[in-house]
Amino acid sequence: MGVWERGRAIIDNYYSVIFIRDKNSRGQEVSGYIDYAHRLKTEDFEVYFSGKKRLLPRPTDMSFYNWDSHIAVWNSTPNYQVIADNPEGLLFKYKRDRKILNVDPKIPGISSIQLYVISSQFCLKRAVIRGIASQLQEEEFEKREGSS
């Protein structure tokens, strides 16, 4: 199965939120939460999967923060409602089952798991995946991490 097919397979089974903190083409540090299913449906991810382009958060994603200009933006998507005024921090409510997804890494997820990927391409990339990850996907993730 190719990279594109694996990306589509994840979407067919899970609704993932990806956190990325990296530098944009102007050298500005940006971070944000991306609704992976929504972005995958609205743009061609082949450039990201092939490594031709880096995946970065945009002001149109669920959340976006530019650390240099201090611009903060959040937007609901077809899959998630953004709850930004919560005293405990940023929350996302999945619109189908109305469960709350707390992206705070210190709080264990309910019906979600958090995967951390540190690479030379990204400072930190965190995927919060709704649902239960199958053993096969966990093994595939571990194999990829062991080979990098």
Return the residues of the range 73-88 that are in a strand (DSSP E or B) and open to solvent by 60 Å² or more (accessible area, probe 1.4 Å); say none if nothing qualifies.
Trp74, Gln81
Residues of the range 58-81 satisfying the condition of being closer than 18 Å to Glu43 by Cβ and of a type in the set (Phe, Trp, Tyr):
Phe64, Tyr80
Does at least one position in the range 52-61 carry a residue that is free of Cβ contacts under 8 Å to residues at least 24 places away in the same chain, basic (Lys, Arg) and assigned to a loop (DSSP other than H, G, I, E, B)?
yes
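Is there a residue in the range 19-31 that is closer than 25 Å to Ile107 by Cβ and at pLDDT below 85?
Scanning the range 19-31 turns up no residue that is closer than 25 Å to Ile107 by Cβ and at pLDDT below 85.
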Residue list for the range 39-57, restricted to those being among the small types (Gly, Ala, Ser) and open to solvent by 90 Å² or more (accessible area, probe 1.4 Å):
none
Conditions first: (1) in contact with a helix residue (DSSP H, G or I) (Cβ under 6 Å, 6 or more places away or on another chain); (2) part of a loop (DSSP other than H, G, I, E, B). Ile18 passes all but one, so which condition is the exception?
(2)
Cross-chain or 6+ apart pairs with Cβ under 8 Å, the range 82-93 first and within 13 Å of Ser63 (Cβ to Cβ), then among the polar types (S, T, N, Q) and open to solvent by 40 Å² or more (accessible area, probe 1.4 Å)
Val82/Asn75; Val82/Ser76; Phe92/Gln81
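The values are calculated or read from the model by the stated rules, or taken from the named source; none is laboratory data. From a predicted model like this one, the values you see are computed outputs, not experimental measurements. Ideal geometry is used to build each Cβ from the backbone, glycine not excepted, and the neighbour counts take in all protein chains shown. Note: accessible area is taken over every heavy atom of the protein model, side chains too, but ligands, DNA and RNA are not part of it. Shrake-Rupley method; radii C 1.70, N 1.55, O 1.52, S 1.80 Å.
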